[in-house]
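Worksheet: the structure to be examined is printed underneath.
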Amino acid sequence: MKVGIVGASGYVGQELLRILLSHPKAEVTKITSRQLVGKKISELYGNFTGRTELRFSEKIENEELAELDFVFLALPHGVASHWVTEEVLNQVKVIDIGADFRIKDKEVYETWYKTEHGSESLLKEAVYGLTEWNQEKIKEAKLLSNPGCYPTASAMAAIPLLKGGLIQSETIILDAKSGVSGAGRGVSQGVHYAEVNENFKAYGVATHRHTPEIEQTLSDAGGEAITLNFTPHLLPMSRGILVTMYASLKAGVTKTHVDQAFQMAYAEQPFVRIMPEGVLPETKWVKGSNFCDLAWRIDERTNRVIVISCIDNLIKGAAGQAIQNMNLMAGWPEELGLLSVGQFPG
């Protein structure tokens, strides 16, 4: 199938291309960047030298859409909702890796993202692509909204417990850490080497834009409105996310119940690895892979469950999950082109 990437000059866009170059059934034929028109992607990212001659176009013209089967949108928030229309969706399937179609309530989106949504009528049509939990709808989607990186790691930790009715939802606390690539390739003082190196800091406390997406996802899973604390932190490393979730167990819930909930949820999922007894997830073991590593502990003293969830923010948290969803939308095995082992050391 023929694939286009709109916004291929960013970290996620180049990861999409890198993975798809080895995909057995998909071929990237179009990449765009308004600032780099005419340049080869290998001039921007030297790792593509000798692997592709693709050059950036300014945009994908309307007449070119019919030549494509899928278009990935790797754009800043507020742009995709003005790009996607019913006319576009009648010609090509769209996977939006940004935030524009994740939150179903237009007012909530505009409040948190401080920008106008351009296609409210498509919010109900967009399918949320948390792959392990929404496979049947994903298979039928024309417009897919790829989850954010923090929401992916958080949801993978929380949903089995919510669906099992094992935790008190009002007690959920999400403590999250990410590498600096999560901020994108744009230049800002906060991600300069001298600012990040030998440093560890919280940011977006009680205000991070992924909060309503996480709350919406967990509310849908738990069947009740959920409000929670989510605090992200910036780590002095390039990539990776580790989320630690805390929640109080309901009366009578034991470790066996928790173990069974996770095993039942993920035993058949190719990209979820439940850690062996005594082993906790680490970011270095998922780097460069589409895996989500999970482990949990019961603190009997406080009657709380502690779940650790680890992903590569650019792969399972973005490009890899998007391709996993593309595979399902195309009727292929979801793991096609994605089973590479993580990079180590890194």
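Please treat every number below as a calculation from the coordinates, not as lab data. Computed from a predicted model, the values in this text were never measured in an experiment. In this analysis, Cβ positions are derived from the backbone assuming ideal geometry, glycine residues included, and neighbour counts consider all displayed protein chains.
If you rank 159, 97, 323 by fewest surrounding Cβ atoms within 10 Å, what's the result?
159, 323, 97
Based on Cβ point charges of +1 for Lys and Arg and -1 for Asp and Glu, what charge dipole magnitude is obtained for the stretch 150-311 about its Cα centre, in debye rounded to the nearest 20?
Taking the Cα centre of the stretch 150-311 as origin, the dipole is about 280 debye.
Test of understanding: ordering 82, 23 by Cβ neighbours within 10 Å, fewest first, what list do you get?
Ascending Cβ contact count within 10 Å gives the list 82, 23.
Antiparallel DSSP bridges in the stretch 150-311: what percent, to the nearest 5? Walk me through the numbers before you get to the answer.
Working: 24 of 33 bridges.
Just about 75 percent of them are antiparallel.
Put +1 on the Cβ of every Lys and Arg and -1 on every Asp and Glu Cβ in the chain; which of 210, 234, 262 then has its Cα farthest towards the positive end of the dipole?
Selected residue: 234.
Along the charge dipole of the stretch 229-346, which of 290, 341, 314 sits closest to the positive end, that is, farthest toward it, with unit charges on the beta carbon of Lys, Arg, Asp and Glu (+1, +1, -1, -1)?
Value computed over the given set: 314.
Can you pull out the chymotrypsin sites (Phe, Trp or Tyr not before Pro) in the stretch 186-275 whose DSSP state is coil and whose Cβ has at most 14 other Cβ atoms within 10 Å? Walk me through the numbers before you get to the answer.
Values: sites: 193, 200, 203, 230, 246, 262, 266, 271; in loops: 200, 203, 271.
Filter output for the stretch 186-275: 200, 203.
Could you pull the Rg and Dmax for the stretch 98-155, using just the Cα atoms, both in Å?
Cα only, the stretch 98-155: 11.6, 33 Å (Rg, Dmax).
Have a look at 211, 256, 171 and tell me which one the Gaussian network model of the chain (Cα, springs below 10 Å) gives the largest fluctuation.
Highest fluctuation of the listed residues: 256.
Gaussian network model of the chain, Cα springs within a sub-10 Å range: biggest mean-square fluctuation belongs to which of 126, 267, 74?
267
Please report how far the C-alpha centroid of the stretch 160-196 lies from that of the stretch 72-146, rounded to the nearest whole angstrom.
One Cα centre to the other: 21 Å.
Using a Gaussian network model of the chain whose springs link C-alpha atoms within less than 10 Å, name the residue from 118, 222, 331 with the highest mean-square fluctuation.
Of 118, 222, 331, the most mobile in the Gaussian network model is 331.
With respect to the cross-link table entries 93/124; 59/139; 106/139; 39/59; 114/142, which display a Cα-Cα separation exceeding 19 Å?
Cα-Cα > 19 Å for 59/139; 106/139; 114/142; rest within.
Determine ³J(HN,Hα), in whole Hz, for all residues of the stretch 66-76 in sequence, where each value follows from phi through the Karplus function 6.51 cos²θ - 1.76 cosθ + 1.60 and θ = phi - 60°; x replaces Gly and Pro.
Going residue by residue, I get 5, 7, 10, 9, 9, 10, 9, 10, 10, 10, x Hz, with x marking Gly and Pro.
Given the alpha-carbon gyration tensor of the stretch 140-228, what are the semi-axes of its equivalent ellipsoid in whole angstrom, ordered largest first, with each equal to the square root of 5 times an eigenvalue?
Square roots of five times the eigenvalues give 29, 17, 10 Å.
Figure the gain on full extension for residue 104 and residue 237 (residue separation times 0.36 nm, minus the Cα-Cα span) and round it to one decimal in nm.
Values: separation 133, 0.36 × 133 = 47.88 nm, distance 3.28 nm.
Value of the extension gain: 44.6 nm.
For the stretch 12-82, build the charge dipole from Cβ charges (+1 Lys, Arg; -1 Asp, Glu) around the Cα centre, then report which of 45, 78, 17 sits farthest towards its positive end.
Towards the positive end, the residue furthest out is 45.
Just for the stretch 242-316, what percent of DSSP beta bridges are antiparallel, to the closest 5?
Of the beta bridges lying entirely in the stretch 242-316, close to 80 percent run antiparallel.
Would you kindly work out the equivalent ellipsoid of the chain from its C-alpha gyration tensor and give its semi-axes, the square roots of five times the eigenvalues, largest first in whole Å?
32, 22, 20
Express as a percent, rounded to the nearest 5, the fraction of DSSP beta bridges in the chain (both residues included) that run antiparallel.
Given both bridge residues lie in the chain, the antiparallel proportion sits at roughly 45 percent.
What longest range of the chain stays clear of loop-exposed GluC sites (Glu not before Pro) (DSSP non-H/G/I/E/B, at most 11 other C-beta within 10 angstrom)?
Answer - 62-139.
Quote to one decimal, in nm, the extra length available between residue 185 and residue 301 on full extension: 0.36 nm per residue of separation minus the C-alpha distance between them. Can you show the working numbers first?
Details: separation 116, 0.36 × 116 = 41.76 nm, distance 4.39 nm.
Difference between extended and current length: 37.4 nm.
Working out 0.36 nm times the residue gap between residue 205 and residue 135, then minus their Cα-Cα distance, what length gain in nm do you get to one decimal? Spell out each step's value before the answer.
Working: separation 70, 0.36 × 70 = 25.20 nm, distance 3.24 nm.
Result for the pair: 22.0 nm of gain on full extension.
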